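The values are calculated or read from the model by the stated rules, or taken from the named source; none is laboratory data. Just so it is clear, the model here is predicted, and its values are computed rather than measured. Note that we place each Cβ from the backbone using ideal geometry, even for glycine, and neighbour counts take in every protein chain shown.
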Ligand SMILES: [Zn+2]
Ligand SMILES: [Zn+2]
C-alpha cells in the first residue's frame, strides 16, 4: 500500500506496509491499539484472538494494584491461567532481567507488561530476548516508549537502547489513565512537545550530514504535536478525552520509531540532555525527574540554543581553527570526569562514529558555511523557547533546570557533553561545530541565574 499523503488516525499505520516516496517502506508491527473507556475488559479477547494460551504478566507493586490485578482476574475468568510477577528488582537493569527470566513459566507463550515507561521497556526487551510476543497495558502516559520497537534499560550503569520488538497490542483504559497522577500526563505532554526541537534537529542532520529524510513522517509527527499543543487547556482541566488524546499522540510518535526505522524524527538534543541526567541520576542513586519532565527542561534549553544560533554571525575561520586543534586526550579526560563509570561506552561511541574527528568536522563546516542562510531560516522558524516555557509553567510542568534539581555546574557540563551520548546531529553539535557552545551556554546560564531558574 502507498504511504498516506496526509496524516491519519494512529490505527491506520498499524500492521500495514506503507510504501513511501522517501524510498523506505514504513511498517509498525503493532496489531491493535485500544485507548478507550473500559478498554481493560478487551484484554482476554485479544489474547484469545491471537491464539495465546499462557500469559506471563509483569508489573510492580503499584501497577499490580492499579490494573495488574484486574488483568489477572479478567484472564482467569476467561479460562486462562496467568502467572503474575510483581517485580522487586526495580533498577531496570541486569538484575531486573534476571528476575524476569528466573520467574518465567516454561510453558508461557505471551508476556504482558502492566505499567508505564520502565516496565514496558523491560517487557519489550526481555520478551524479545526470550523469543516471546508481548502486549502492553498502560497505567499512565508519561512518555512515548509504549509503541517503540526498542527497549531502554540500564546496562553497565548506562541507559542503553536495546534491540527489542514492538508490542502486539496496546491497551489504555481511559478510566485508569485519568486516575494516573496529573504529573504523569503532563510529562507525556512534554515528551510530545519535545518534538518541536527534535524535528528541527532532524532537519539540521538532513542538511549538514546528509541524514535520510521523509517528508510524510515529518508532517505526521508535526500534525500530532500541533494538535496536542492546542489541547493544553483541556489537559490542564484533566479532561479524560484530552488525556486519551495525549496517549494516542504518544502512541503515534512512539510508533513512528518503527515506521521510520529509528528514533531520528522524535529525539534530539533535548533527549540527549535527559540521557545525560539519567546517567548522573543512576550514579547518585536517584533520578532527577521523570523522563518527560527532564525532556521538558531539555526542550526549553535546546530551543534557547536554537535562538542564540539564529542571531549568530558565525566566524568560520575561527571554527576551522578550533576543529584543527581538537585535542582528543583532553576530550577523553573531560568525558571521564563528566560521565564517570559510564564513560567507556561514550568513548567507544566516539571511536566508532568519529563525531569529533577534525576531518569530518571541517567537512561539516564547509556545508554549514555554504548553507548558512538556509540554516538560519530553519532556526528562525522553530517554536520560541520562552513561549514553550510559559506554556509548560502554566500546566505545572517543570521547565527550568532548578525545577528538577539541576545545578549550574551540572547544566554547564550538560550543554558541553550531552551530545556525546549519541552519534546524532543536533543543534548542540551545530553549536559545537561553530565553536560557540561554551559562550552560548554561559549566556543562557547567566540568563537563568537572573531569573533564579538554575
Ligand atoms: Zn522521550
Ligand atoms: Zn517515507
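Quick notes
- Residue 315 vs. criteria within 30 Å of residue 2 (Cβ to Cβ), modelled with pLDDT of 95 or more and surrounded by fewer than 20 Cβ atoms within 10 Å (Cβ to Cβ): no
- For region 259-296, taking the residues that are within 13 Å of the chain's Cα centre (by Cα) and within 15 Å of ligand 2 (Cβ to nearest atom), the one that is nearest to residue 143 (Cα to Cα) is identified as 266.
- Residues of region 264-294 that are under 20 Å from residue 157 (Cα atoms), part of a helix (DSSP H, G or I) and within 13 Å of ligand 1 (Cβ to nearest atom): 271, 272, 273, 274, 275, 277, 278, 291, 294.
- Looking across region 155-165 at every residue that is touching a strand residue (DSSP E or B) at 6+ places or on another chain (Cβ under 7 Å) and modelled with pLDDT under 90, the one that is farthest from residue 348 (Cα to Cα) is identified as 163.
- Looking only at residues in region 123-144 that are buried (at least 23 other Cβ atoms within 10 Å of the Cβ) and out of contact with any helix residue (DSSP H, G or I) (no Cβ under 6 Å at 6 or more places or on another chain), the one that is nearest to residue 248 (Cα to Cα) is 138.
- Residue satisfying all of: in region 22-54; assigned to a loop (DSSP other than H, G, I, E, B) and closer than 19 Å to residue 255 by Cα; farthest from ligand 1 (Cβ to nearest atom) among these: 23
- Residues that are part of a loop (DSSP other than H, G, I, E, B) and more than 13 Å from ligand 2 (Cβ to nearest atom), drawn from region 212-234: 230, 231
- Qualifying residue in region 104-120 (condition: within 16 Å of ligand 1 (Cβ to nearest atom), in a strand (DSSP E or B), more than 20 Å from residue 188 (Cβ to Cβ) and touching a helix residue (DSSP H, G or I) at 6+ places or on another chain (Cβ under 9 Å)): no
- Qualifying residue in region 334-352 (condition: closer than 13 Å to residue 417 by Cα and outside any helix (DSSP H, G or I)): no
- Given (1) buried (at least 18 other Cβ atoms within 10 Å of the Cβ); (2) in the same structural domain as residue 122 (by TED's automatic domain parsing); (3) in contact with a strand residue (DSSP E or B) (Cβ under 7 Å, 6 or more places away or on another chain), index of the condition residue 66 fails: (3)
- Out of 112, 62, 30, sole residue that is within 30 Å of residue 228 (Cα to Cα) and at pLDDT below 95: 30
- Matching residues, region 126-140, being at pLDDT below 95 and assigned to a helix (DSSP H, G or I): none
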